[in-house]
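Only one structure is covered here, and it is reproduced in the block below.
The values are calculated or read from the model by the stated rules, or taken from the named source; none is laboratory data. Given the structure is predicted, the values throughout are model-derived calculations rather than measurements. In this analysis, Cβ positions are derived from the backbone assuming ideal geometry, glycine residues included, and neighbour counts consider all displayed protein chains. When the accessible area is computed, the model is the full protein with side chains, heavy atoms only, and any ligands, DNA or RNA have been set aside. Shrake-Rupley method; radii C 1.70, N 1.55, O 1.52, S 1.80 Å.
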Amino acid sequence: DLCNFNALARDKPWIVMGDFNVALNMEDCLYGPSNHSIGMREFFECIKETELLDVHSHGIHYTWNQKPREGIGVMKKLDRVMGNLKFLDLFPNGYALFKPARLSDHSPCIFKFSSAINSKPKPFKFPNFIVSKAEFRQVVSSEWAKEIHGHSMFAVVKKMRNLKPLFRKILFQQGNLHKKVEALREKLDVIQKSIDKQPESESLRVEET
């Protein structure tokens with residue numbers, strides 16, 4: 001049913017959330033099977049076909065607890081919130097909040113929309129100067145070597161999305177560029193004022209350059 005819906009809504013933003021009754025990854029199971037079950041493999045194939053991704057989440061990880069009368073019981077992440085790329089671009093600040101289950105065996109989930117909807121996805125931009133940094137080639141090569149399941153264009157978009165925070169990190173490592181530019185402008189002002197007073201000073205001209 002999800003695959004059929006995806007065929008109709010592929011070019012539109014959509015989200016799916018709730019209890020899927022099966023875990024997706026091995027780390028989603030505590031004291032569960034040591035291998036991927038048939039249900040897990042089918043769920044993975046479904047997610048790959050529909051090109052859905054988990055949205056950012058906070059709170060409880062294991063959303064279902066067997067809660068036996070004795071012992072700790074089986075715990076799994078059966079509840080998820082997933083959206084396609086268009087949805088994630090539309091609500092870049094949206095996130096899922098999984099709360100304590102209390103008396104239930106499932107954790108309730110709330111999806112928090114960002115306060116404002118972007119009418120257009122933000123273009124993929126970064127300051128040109130970071131391409132000269134050694135870290136730039138390293139992160140691009142590393143990310144591009146990863147295997148992404150799904151259609152080829154989906155894989156490209158996913159890798160581009162993954163590179164955004166890495167590029168921001170490289171930029172952050174350069175320090176506060178606005179303050180640096182402001183300081184350099186002030187320094188240049190001082191030098192040019194000095195040149196105005198000492199126009200024949202070769203050292204000032206070199207410093208200005």
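Defining a contact as two alpha carbons under 8 Å apart and six or more residues distant in sequence, what relative contact order in percent does region 26-81 show?
Values: 50 pairs, mean separation 24.4, N = 56.
That works out to 44 percent.
The aspartates and glutamates within cross-link reach of Lys180, meaning a Cα-to-Cα straight distance under 16 Å and a gap of 8 or more places when in the same chain, are Asp189. The GluC sites (Glu not before Pro) found in region 1-93 that occupy coil by DSSP, while having at most 11 further C-beta atoms within 10 Å, are Glu70.
Cα-Cα over 21 Å: which of Lys76/Lys112; Lys133/Lys164; Lys12/Lys164; Lys125/Lys187; Lys76/Lys159; Lys133/Lys158? Listed pairs above 21 Å: Lys76/Lys112; Lys12/Lys164; Lys125/Lys187; Lys76/Lys159; Lys133/Lys158. The helix-only estimate of mean residue ellipticity at 222 nm for the chain, built from DSSP H runs of length n ≥ 4 each weighted as -39500 (n - 2.57), is -13000 deg cm²/dmol after division by the residue total.
Sites listed here are trypsin sites (Lys or Arg not before Pro) in region 7-48 whose DSSP assignment is loop and whose Cβ has at most 16 other Cβ atoms within 10 Å: Arg10.
Rolling a 1.4 Å probe over the heavy atoms of the protein chains gives region 143-209 an accessible area of 81 Å² per residue. On the principal axes of its alpha-carbon atoms, the chain has extents of 89, 40, 35 Å, going from largest to smallest. Helices of the chain meeting both criteria, an alpha-carbon length of 20 angstrom or more along the long axis and an average Kyte-Doolittle score not below -0.5, with helices taken as full DSSP H segments, are 152-172.
Computed from point charges on the beta carbon alone (+1 for Lys and Arg, -1 for Asp and Glu), the dipole magnitude for the chain about its Cα centre is near 280 Debye.
Here the contact order of the chain, divided by its residue count and restricted to Cα pairs under 8 Å and six or more residues apart, works out to 17 percent. In whole percent, what relative contact order does region 1-117 give with Cα contacts below 8 Å and a gap of six or more residues? Value for region 1-117: 30 percent.
Charging the Cβ of each Asp and Glu at -1 and of each Lys and Arg at +1, and nothing else, the dipole of region 130-209 about its Cα centre rounds to 680 debye.
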